[in-house]
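One structure is given below, encoded as structure tokens.
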Amino acid sequence: MKSDLDRLAVANGISLTRPSPDNGQVPITDATKHHLLSALGVDAATASREQQRMTRGTHKKDIPKSYFPQYLERKRVWGISLQLYELRSGRNWGIGDFEDLVEMVRLAQSLGADFVGLNPLHAPFLADPNRCSPYEPSNRQMLNPLYIAVDKVPGFEGGPELQSRLQALRQTDLVDYVGVAATKQATLRRLWRSWQAVANASIDGHDYEAFVREGGEVLRRHALFETLSSFMGDRNNGTGWRSWPAEYQRPDSAEVAEFADDHADTIRFHMWLQWLAHSQLTHAADVARDAGLRVGLYLDLAVGEAIDGSGTWSEPGAYISDATVGSPPDPFATEGQDWHLAPFHPTAIASGGDAPYRRMVTAAMRYAGAVRIDHAAALRRLFLVPIDGAPEDGAYVNYPQDDLLRILAEASETFSCLVIGEDLGMLPEGLQDDLAQARILSYRILSYEREDDGFKPVDAYPRLSLACISTHDHQTLAGWWRGADIKARAEHGIVPPDVSERHIERRQEERQDLKVALDEAGAGPPDRLPTETASDEKLTDLVVSAHRFVAKTPSVLAAVRLADMTGENRPTNIPGTSDGYPNWKPKLSVPIEELATLPLVNEIAAAFCEERRKSGARRSRS
């Protein structure tokens, strides 16, 4: 029999059980119920009967459908996915930028691809550049100014001293975020001073003022946060607002208003940075459209924001402040995970015509032909961890799926933008069916598409999906084949030794199963597929064969990770690590200027073009 506390928890969307590492279920504690009710703003001691009758979550209705272009009824297309910061070039400033993106668009067009997929481009902490995870941004409604191609800003001139500094930044194996941020911001501040002198009489000046008016209070508060963050960081108060003096922790205080008056020029500078980023990303999207890429840019939306960043400071009522997003224990993270991300409040996320979720998806869709919803399970529920607790103290909390799907459908139709849902991991029952009805593409990674007797055959992939080999959270295919992911999890203590041993044994089976799957699909003859300790040449055959397999699937979209095309040995990110590995910093080993000459790049592109063309011919005949 449920207690009053249980009934109140369920009424507010809190699940009474959570998964265990052995895929079972364990009850959450009363302390967890109290913590999460408090985080949701519900006082268990004084909750009214009306509150206890409240329900939140999914109510089955007609599911609105997101945008789906007519050409995908008869064609299947492919594209290249990458991390923008990882790009090397002879002209960038030690980090990939929007001009590099333009070059990648042109390369994609020359190879026959129809989109370029990117990491989240959300605004980071400019005053703390080493907080560089694109999946823990400061604000998802703003762009990352570090991607501005400064040499393309009108009025730029670079002297010998700057060129020497840029050369040093280009030669590093890891992105030197601190050096990049210092160099770019110093140069941009000089350009800002000269730009203002001519702005009033220029078209750019009018565009900037229109951009500021359109951005309104949301843009102004973000720029104000950036100004305060730098000011506080210089005074050892930290760049995140939770460590600031109390009077500066809310944007509507008298002290903040006085600070804004005193720093008006710097605030306008940060709004100018957003305008520059917007202008350059818009240009890249225009180049993709003019080049004939059917999809164009494919952008990524992070599942949450930093708990002490611009978003939570600017709109405190839109977020839960006393719990963070994470995941329950599972076989690959036996203690669960706390991602330290601030979630939208379930009652605020879709509230009103100017809902936070609508503004967030619009901020990406205005540039994109497709967007990927990171952790698509969040459309129905999030695993929330009390702010001072551990994942074992967390529980699932429901979100208004119907409202979120409606917002996605309306925005995607407005911007003619495909929606892809990262539907991996532990999913609530029926979610994938709901996403399919909503015409949200499923996200299918080769190594995850397995059954008890081996890898799923190509024709088992759903048509409404994006298929790929690996993502930013995985080793490249060559690394997976060699078990580098298993070794990394063991070395960083993410899983205990006995679990690693089981994973090693399983990987031996998986390698054999992959050979069988590739052979049965006609993607690669067995005698050309490698052993565990094969040479790089043999692994090249494997990589091409596996991509041919993905190209043969019915999935309307397929993505080729650039790191697989360049044969990278280092992973982009090792989930579950922080200081132990330089996540989000490794650069590609090959500069943009040489990509078109790489045999592996051309072999993979040729395989995709051939197989996707065959599929189009078959659909036309049918």
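A short reminder: the numbers here are calculations on the coordinates, not readings from a lab. From a predicted model like this one, the values you see are computed outputs, not experimental measurements. In this analysis, Cβ positions are derived from the backbone assuming ideal geometry, glycine residues included, and neighbour counts consider all displayed protein chains.
What the table below lists for this structure:
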read-out	value
Other-chain or far-sequence residues with amide H under 5 Å of LEU441's (modelled H)	VAL419, ILE420, GLY421
Under-5 Å amide H pairs with ALA323, H placed in peptide plane, nonlocal only	ILE387
Separation in nanometres of the label points that stand 7 Å from Cα toward Cβ, at ARG235 and SER164	3.6
20 Å Cα-Cα reach of LYS33 towards aspartates and glutamates, excluding residues that sit fewer than 8 places from it in its own chain	ASP4, ASP6, ASP43, GLU50, ASP322, GLU335, ASP338, ASP388, GLU392, ASP393
Estimated inter-spin distance, SER416 and ARG193, nm [label 7 Å along Cα→Cβ]	4.5
Sites THR334 and ASP286, calculated FRET efficiency, Cβ-Cβ separation with R0 35 Å, nearest 0.05	0.15
Efficiency of FRET from Cβ geometry, ASN130 and GLU258, R₀ 30 Å, rounded to 0.05	0.50
Karplus (6.51, -1.76, 1.60) ³J(HN,Hα), θ = phi - 60°, over the stretch 476-486, in Hz, Gly and Pro reported as x	4, 4, 4, x, 4, 4, 7, x, 5, 5, 5
Förster radius 25 Å - calculated FRET efficiency between SER20 and ILE504, Cβ distance, rounded to 0.05	0.60
Over 27 Å (Cα to Cα) - which of LYS75/LYS587; LYS75/LYS152; LYS487/LYS538; LYS2/LYS65; LYS487/LYS587 fall in this group	LYS75/LYS587; LYS75/LYS152; LYS2/LYS65
For ILE14, distant residues with modelled amide H under 5 Å away	ASN398
25 °C / 0.890 mPa s Stokes-Einstein diffusion coefficient of the stretch 255-354, Kirkwood radius on C-alpha pairs, µm²/s	141
Chain lengthening between ASP207 and ARG7 when straightened (0.36 nm per residue, less Cα-Cα)	66.6 nm
Mean Cβ count within 10 Å, highest first, over the residues of peptides 263-273, 108-118, 590-600	108-118, 263-273, 590-600
